[in-house]
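J.: Here it is, the structure in full.
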Amino acid sequence: MTKFSDIAFMGYASWFEAWYTDKKVLIQTMIENIKADIAAGYNPTGDCIRKQSAAIDAANAELNSQLDSFTEFNDDRKIDRWCYHDMLKRGVIA
C-alpha cells in the first residue's frame, strides 16, 4: 500500500498536487470523450451528449466545492492528508 511518505517518490510536490492533477485529467478525459462522440456523429443535442455534458459540469462543480472546503483546513498538511485518503478511497493509489 502506498504510504503517506511515498509522495517523495511519485513525482509530485504534494498529495494535493497529485490529487488536483488526477481530478483535472479525469475532467479533461471526459471532455475528450464527448468531443470524440460528436466527431463520430452523435447528435450534439441528443440525450447521450447532454448526459455527458451534465457529468462534466458536475465533476467541475465537485472539484470547485472541494477546493473551497480546503480553505477551512488552514493547514497544508491536513489538505495533503485529505487528498491522500481520497485517492486511496477512489482507488487512484493502492
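The values are calculated or read from the model by the stated rules, or taken from the named source; none is laboratory data. Being a predicted model, the structure only gives us computed values, none of them experimental. Neighbour counts are summed over all protein chains in view; Cβ atoms, including those assigned to glycine, are modelled from backbone coordinates with ideal geometry.
J.: How many residues does the range 34-49 hold that are surrounded by 13 or more Cβ atoms within 10 Å (Cβ to Cβ) and either touching a residue at least 12 places away in the same chain (Cβ under 8 Å) or not in a helix (DSSP H, G or I) (or both)?
T.: 4
J.: List the residue pairs whose Cβ atoms are under 6 Å apart, where the first residue sits in the range 74-94 and is in a helix (DSSP H, G or I), the second is polar (S, T, N, Q) and modelled with pLDDT of 95 or more, and the two are 6 or more positions apart or on different chains.
T.: D80/S14
J.: I would also like to ask the following. Only one of these conditions is not met by F9: (1) exposed (fewer than 11 other Cβ atoms within 10 Å of the Cβ); (2) in contact (Cβ under 8 Å) with a residue 60 or more places away in the chain; (3) among the aromatic types (F, W, Y). Which number is it?
T.: (2)
J.: Can you tell me which residue within the range 17-33, out of those that are surrounded by 12 or more Cβ atoms within 10 Å (Cβ to Cβ) and of a type in the set (A, V, I, L, M), is farthest from K78 (Cα to Cα)?
T.: If we take residues in the range 17-33 being surrounded by 12 or more Cβ atoms within 10 Å (Cβ to Cβ) and of a type in the set (A, V, I, L, M), then I31 is farthest from K78 (Cα to Cα).
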